[in-house]
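Below is one structure, written out as structure tokens; the observations come after it.
The values are calculated or read from the model by the stated rules, or taken from the named source; none is laboratory data. Predicted, not measured: the structure shown is a model, and the values here were computed from it. Glycine gets a Cβ as well: all are built from the backbone with ideal geometry, and neighbour counts include every protein chain shown.
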Amino acid sequence: MTIYYTEEHEWLDVEGDVATLGITKHAAEALGEVVFVELQEVGETFDKDDEIGVVESVKAASELYAPLAMEIVEANGALEDEPGMVNEDPEGNAWFYKIKIADPAELANLLDVNAYKALID
């Protein structure tokens, strides 16, 4: 299990060719109170930088983008019913997707924890 981050404040917890994907605590705090989450369907495939969802807060709407080429294998439907989970546990129970990574070599383009901390400090 290895954690990766993106400059768009997403995290991926990778195990083999499957990863859990969500937004970071930093992103959740910047958004403020999340009031709506829109997710894509299981089985859909995306290329890097494709829009894969929307998170709306009382302040703004923000798109989620695919950090790498991927297929959605599970979507966290609980977020659509309880979007506030994103504020409560963004790097835990409020994950957005479980994804199958199309090309594991793309992980090399993501940030490790130290690089991400440097980005937000």
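Quick notes
- The requirement of being within 26 Å of residue 120 (Cα to Cα), charged (D, E, K, R) and within 12 Å of the chain's Cα centre (by Cα) is fulfilled somewhere in segment 72-93, by at least one residue.
- Residue count for segment 1-14 under the criterion of being modelled with pLDDT of 95 or more and assigned to a strand (DSSP E or B): the result is 8.
- The set of residues in segment 1-12 that are within 18 Å of residue 73 (Cα to Cα) and touching a residue at least 60 places away in the same chain (Cβ under 8 Å) comprises 11, 12.
- All conditions but one from (1) crowded, with 16+ Cβ neighbours inside 10 Å; (2) under 20 Å from residue 7 (Cα atoms) apply to residue 75; the one that does not is (2).
- Considering segment 82-99, the residues that are charged (D, E, K, R) and in contact with a strand residue (DSSP E or B) (Cβ under 7 Å, 6 or more places away or on another chain) include one that is nearest to residue 38 (Cα to Cα), namely 98.
- Extreme residue, surrounded by the most Cβ atoms within 10 Å (Cβ to Cβ), among residues of segment 13-69 that are in contact with a helix residue (DSSP H, G or I) (Cβ under 8 Å, 6 or more places away or on another chain) and farther than 20 Å from residue 86 by Cβ: 68
- Output for segment 100-121, where each listed residue is hydrophobic (A, V, I, L, M, F, W, C) and either surrounded by 12 or more Cβ atoms within 10 Å (Cβ to Cβ) or in contact with a strand residue (DSSP E or B) (Cβ under 9 Å, 6 or more places away or on another chain) (or both): 101, 102, 107, 110, 111, 113, 115, 118, 119, 120
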